[in-house]
Amino acid sequence: MIVANTLMTVTVGIVVVLLIVALLVFTGVMLDRRAKTPVPANLKPFVEDDVLETTRLERMLQAAVVTVLFLGVLMAVIFALEPTRQADAYEELNEKAVARGAIVYGPAEEIIDGEPHAIAGAFACQSCHGPAGEGGAAAYTITTETGEQQQVGWTAPALNDVLLRYSEDEVRTIITYGRQGTPMPAWGEAGGGAMSKQQIEDTIAFLESIQLTEEEAKAQNAEVGLVAGSYTNGELSDDAEYDGAALFDKFCARCHTIGFSYNQPEAPGSGGFGPSLRGGASLEQFPKIEDQITFVTDGSEWQVAYGVRGQGTGRMPGFGLMLLPEQIEAIVRYERSLTGGFEGTIPADDTRADEPQSDVTPAEEQPQETPNVEE
Ligand code: HEC
Ligand code: HEC
């Protein structure tokens, strides 16, 4: 910023000096003209040939060399300062985008003199996702199996870590098209909403500005599911143990268990937005446990195949930047133990409550029998 300002001042200074010189020359010429009896230009005597070809010519050439040197130095200075100037310009534009995004994200109304006034350009993401993106809830009407309308409270996820689990492109797609069958509407014009592309970019800039760092997110989540050992100063103790089921409920169930988001959960891993993980589905999709761990760590990508027959859409988040590897492994082991039927209703043989987490080694984890699939 300071460097760019100096450059600006120098440039303005040069222009002012040039203008003054031009003005002086001009007045000089005018005064000169008035002083003498006018002589036609073509009759004015000029310098002698030998002066013209020696001193005068040399002086002109010297002036040319000096000018070229000056321009050369000026170019070098501009070249050297350009990256800083660009970075400063980017920062300034980004700050403005964040400020505009904060309006999009913020409340829809403000109270002036006791009267509510609508705020132009506000889409009130905060009413569901929390003022600081910490997560919240939305009122929503679902249609039950018997066709009745029912009011429910639907948990809205935190957004202050959304860019740790999704790429910027994926977030752009979610904001533009929303998530069908949930309270998250399509906001972008392309999805039938009222938000311009500019507003979506501004919102993403704002979301970027409120993101937790990877370390903050991991520290915040490290206690979830911790049943033995401790996590202090970024270090997990050697005796630490995680409960995969608790972690699954906190981070995965909203997409992988029908009804979880509105407090009417069906069988764990029964699907929903994401596929069902029951009936040994994980074992079939990922015969090797490491491949499933990698998938949960990185998430899916649009049109990139995964596992044995998976086709990524970019909708499965990656958890490697917000959960510890030990947590991901515990969740994956839990998912691989979900052997009940694929269906949503909790079958009699549901293993969730009483079966200990499997601790078989990866080599033994090949499916030994056909998964127990119910029609
Ligand atoms: C009416 C409530 C509501 C409003 C308003 C709302 N959202 Fe959402 N949003 C939700 C819910 C609920 C979900 C989770 C849906 C689900 O269960 O899959 C969600 C999901 C998301 C996700 C995906 C996060 C994830 O990890 O799955 C993003 C990103 C998002 N919203 C951004 C926004 C932005 C940006 C705005 C404002 C322009 C906004 N939302 C406004 C309710 C809302
Ligand atoms: C925002 C919703 C969402 C959340 C949260 C989520 N998933 Fe997913 N998951 C998906 C979707 C959607 C797919 C399907 C792949 C795709 O569309 O790219 C998927 C696929 C999967 C698969 C592959 C299933 C198969 O048979 O193809 C596994 C395993 C999985 N998720 C595990 C997890 C775990 C573990 C967590 C929590 C740490 C989690 N998911 C959280 C949406 C989600």
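The values are calculated or read from the model by the stated rules, or taken from the named source; none is laboratory data. This one's a predicted model, so the numbers in the text were calculated from it and none came from an experiment. No Cβ is skipped: glycine too gets one built from the backbone with ideal geometry, and neighbour counts run over all protein chains shown.
Looking at region 204-219, can you tell me whether even one residue there is within 8 Å of ligand 1 (Cβ to nearest atom), in contact with a strand residue (DSSP E or B) (Cβ under 8 Å, 6 or more places away or on another chain), without any contact (Cβ under 8 Å) to a residue 40 or more places away in the chain and not in a strand (DSSP E or B)? There is no residue in region 204-219 that is within 8 Å of ligand 1 (Cβ to nearest atom), in contact with a strand residue (DSSP E or B) (Cβ under 8 Å, 6 or more places away or on another chain), without any contact (Cβ under 8 Å) to a residue 40 or more places away in the chain and not in a strand (DSSP E or B).
Would you be able to tell me the number of residues in region 252-265 that are within 12 Å of ligand 2 (Cβ to nearest atom), part of a loop (DSSP other than H, G, I, E, B) and free of Cβ contacts under 8 Å to residues at least 24 places away in the same chain?
1
When the criteria are applied in full, Ala64 meets the requirement of being at pLDDT 95 or above, over 30 Å from the mean Cα position of the chain (by Cα) and surrounded by 10 or more Cβ atoms within 10 Å (Cβ to Cβ). Taken over region 154-179, the residue count meeting the criterion of being exposed (fewer than 15 other Cβ atoms within 10 Å of the Cβ) and near ligand 1 (Cβ under 10 Å from one of its atoms) is 1. State whether one or more residues within region 41-60 are loosely packed, with under 10 Cβ neighbours inside 10 Å and closer than 30 Å to Glu95 by Cβ. No - not one qualifying residue is present in region 41-60.
Of the numbered criteria (1) at pLDDT below 95; (2) in a helix (DSSP H, G or I), the one Ala76 fails is (1).
The residues of region 301-315 that are over 16 Å from the mean Cα position of the chain (by Cα) and not β-branched (Val, Ile, Thr), listed by number, are Trp302, Gln303, Ala305, Tyr306, Gly307, Arg309, Gly310, Gln311, Gly312. Determine if region 97-110 includes at least one residue that is within 9 Å of ligand 1 (Cβ to nearest atom), among the aromatic types (Phe, Trp, Tyr) and either assigned by TED's automatic domain parsing to the domain that holds Gly188 or under 23 Å from Gln264 (Cβ atoms) (or both). No, the conditions are met nowhere in region 97-110.
Among the residues making up region 54-111, a single one is among the aliphatic types (A, V, I, L, M) and touching a His at 6+ places or on another chain (Cβ under 9 Å): Ile111.
Yes/no per residue for (1) in a helix (DSSP H, G or I); (2) in the same structural domain as Met184 (by TED's automatic domain parsing); (3) within 16 Å of ligand 1 (Cβ to nearest atom); (4) surrounded by fewer than 20 Cβ atoms within 10 Å (Cβ to Cβ):
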| site | (1), (2), (3), (4) |
| --- | --- |
| Val227 | no, no, no, yes |
| Asp238 | no, no, no, yes |
| Lys250 | yes, no, yes, yes |
| Ala267 | no, no, no, no |
| Ser270 | no, no, yes, no |
| Pro275 | no, no, yes, yes |
| Ser282 | yes, no, no, no |
| Gln292 | yes, no, no, no |
| Ser300 | no, no, yes, no |
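Every residue, every condition in (1) modelled with pLDDT under 90; (2) of a type in the set (Asp, Glu); (3) in the same structural domain as Leu163 (by TED's automatic domain parsing); (4) within 16 Å of ligand 1 (Cβ to nearest atom), yes or no:
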site	(1), (2), (3), (4)
Arg309	no, no, no, no
Gly320	no, no, no, yes
Ser337	no, no, no, no
Ala353	yes, no, no, no
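Taking each residue of region 46-63 that is among the charged types (D, E, K, R) and looking for partners that are surrounded by 10 or more Cβ atoms within 10 Å (Cβ to Cβ) with beta-carbon atoms closer than 7 Å, six or more apart or interchain, yields Arg56/Val47.
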